[in-house]
């Protein structure tokens, strides 16, 4: 039972990360840097509970805010680019953040042991769940509840006027600008929201695993984050949820292949994408046009 609850907790955290990628894709871009904001949220939230003795709620808010601010600052120059160039810039930025983590050291002695970030050796002593007496069931319920709230919130965002504006900018930024929309500001707000969501997931992740390392937030983590959305499809907010489930469940089931697990997993992913190149839940072809049409009507 504990194993199943652990998988469910990890799945819930990855759903939050997948939602951050989904928001970026709604804006017409693909980011390979969401794991950077995930890492920022993880470190900041951990600092709050370990050094400041704050509650988990305050720590998650701080981690979310720090990641959103990081995304806002990074987004101002990065969002001047589009397409492949944008994707590469986000990847470079993620590596920059990881290098900063590798150089971060802040150790204190508490209860006879050293805790805190220690560069490449990671950040230990993140034991809030243990101190609070929250077992695997409580952790699973907490992370699951937050994941559900995030999915609903992103679903409402997509259906909102701002969500339609994001889709309009993604479809045709020149036409969107012609009807009074600022494409750069719209994309920056969407990127900031996506960064905050990733930071929220990172805060949960840090407290669940109790120890984080800069290597946790490497390239493969970012690739999996994007894969959740691309596999599930962007036709519905449930697409990334399905993609995360497919990714995590397949990885667990393929343990029987031992060292060949990742090879078998990669082959299965390729097979799925051959059958469904646009993801399991595809976006209707008219979706972008509906978004632009909705915004144009609201301007009249």
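At a glance:
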quantity: Candidate values (i) 1.08; (ii) 1.14; (iii) 1.01, label of the one derived for Cα Rg over 2.2 N^0.38 Å; calculated: (iii)
quantity: Length gained when the stretch residue 99-residue 72 is fully extended (0.36 nm per residue, less Cα-Cα span); calculated: 7.8 nm
quantity: Cα-based helix-to-principal-axis angle, 2-26 vs the chain, degrees rounded to 10; calculated: 30
quantity: Distance (nanometres) between label positions extended 7 Å along Cα→Cβ at residue 81 and residue 3; calculated: 4.3
quantity: Relative packing of 42-55, 190-203, 59-72, 77-90, which averages over residues the other C-beta atoms within 10 Å, highest first; calculated: 190-203, 59-72, 42-55, 77-90
quantity: Rounded tilt (10° steps) of 34-50 against the dominant C-alpha axis of the chain; calculated: 40
quantity: Estimated inter-spin distance, residue 65 and residue 179, nm [label 7 Å along Cα→Cβ]; calculated: 3.6
quantity: Mean separation of Cα contacts under 8 Å, 6 or more apart, over the residue count of the range 2-219: relative contact order %; calculated: 43
quantity: Global geometry of the range 59-216, whether rounded, prolate or oblate, following the gyration tensor of its Cα atoms and the 1.5 cut on a/c; calculated: oblate
quantity: Burial order of peptide ranges 104-110, 207-213 (average beta-carbon count within 10 Å, highest first); calculated: 207-213, 104-110
quantity: Tensor-based shape of the range 14-125 (alpha-carbon gyration tensor, a/c under 1.5 rounded, otherwise prolate or oblate); calculated: prolate
quantity: Relative packing of peptides 237-248, 175-186 - highest average C-beta neighbours within 10 Å first; calculated: 237-248, 175-186
quantity: Degrees between helix 161-171 axis and first principal axis of the chain (Cα, 0 to 90, nearest 10); calculated: 70
quantity: Separation in nanometres of the label points that stand 7 Å from Cα toward Cβ, at residue 30 and residue 148; calculated: 3.3
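Every number here is computed from the coordinates shown, using simple stated rules; none is lab data. Not measured: the values here are computed from a predicted model. Cβ sites come from the backbone with ideal geometry, for glycine too, and all protein chains shown count toward neighbours.
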